[in-house]
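Peer 1: The structure's right below; bear with me while I get my questions together.
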């Protein structure tokens, strides 16, 4: 994600992106969705969050201390969101560890007991179907992919091949999930490729990923 402003993250009760999150949701824009979008901009930039809510919702792994460096577009988007927050008289309690937003498919939970957002810039704009937390960790290893199968396992915005592809997995990748699966589709939280581990939010088919 980019690195924005002089936002001493965790202080960021008001920094989001504003392109209308959730893009595919039916829930009205709320103070919670504005806070989430604004702070995700900083998260993408590698900001370090200090508040309990910021640390629970965003992945602080390998964050870079100090003010994040933000592009002009990001700064403009943040300013847009902050104006919306001012109009709505928003006040988010950042001492808690979870924020809940009403989306088209029900409640979207971020933070403790929900999705932890990594530094993938399109996480909020593209994810359509959110998972239900299972409160247990499961892992699987991607295998059996061939060039006839495109050579990769797609990670999608929802549990079906009709959802847009958000990323891809390769043979040998180890995928971690803490959510309930929907049929043969499971939701990825973390992926380890060799010695590199990163957060990846999206749905994958378990045919090519077994324990």
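Just so it is clear, none of the values below were taken in a lab; they were calculated from the coordinates. A quick note: this is a predicted structure, and the numbers were derived from the prediction, not measured. In this analysis, Cβ positions are derived from the backbone assuming ideal geometry, glycine residues included, and neighbour counts consider all displayed protein chains.
Peer 1: Take peptides 150-157, 178-185 and line them up by average Cβ neighbours within 10 Å, highest first, as a rough protection proxy.
Peer 2: Working: 150-157: 18.0, 178-185: 15.2.
Top of the packing list down: 150-157, 178-185.
Peer 1: Also, I was wondering about something else. When a/c reaches 1.5 or more, the comparison of a/b and b/c decides; with that in mind, is segment 128-210 rounded, prolate or oblate per its Cα gyration tensor?
Peer 2: In terms of gyration-tensor shape, oblate.
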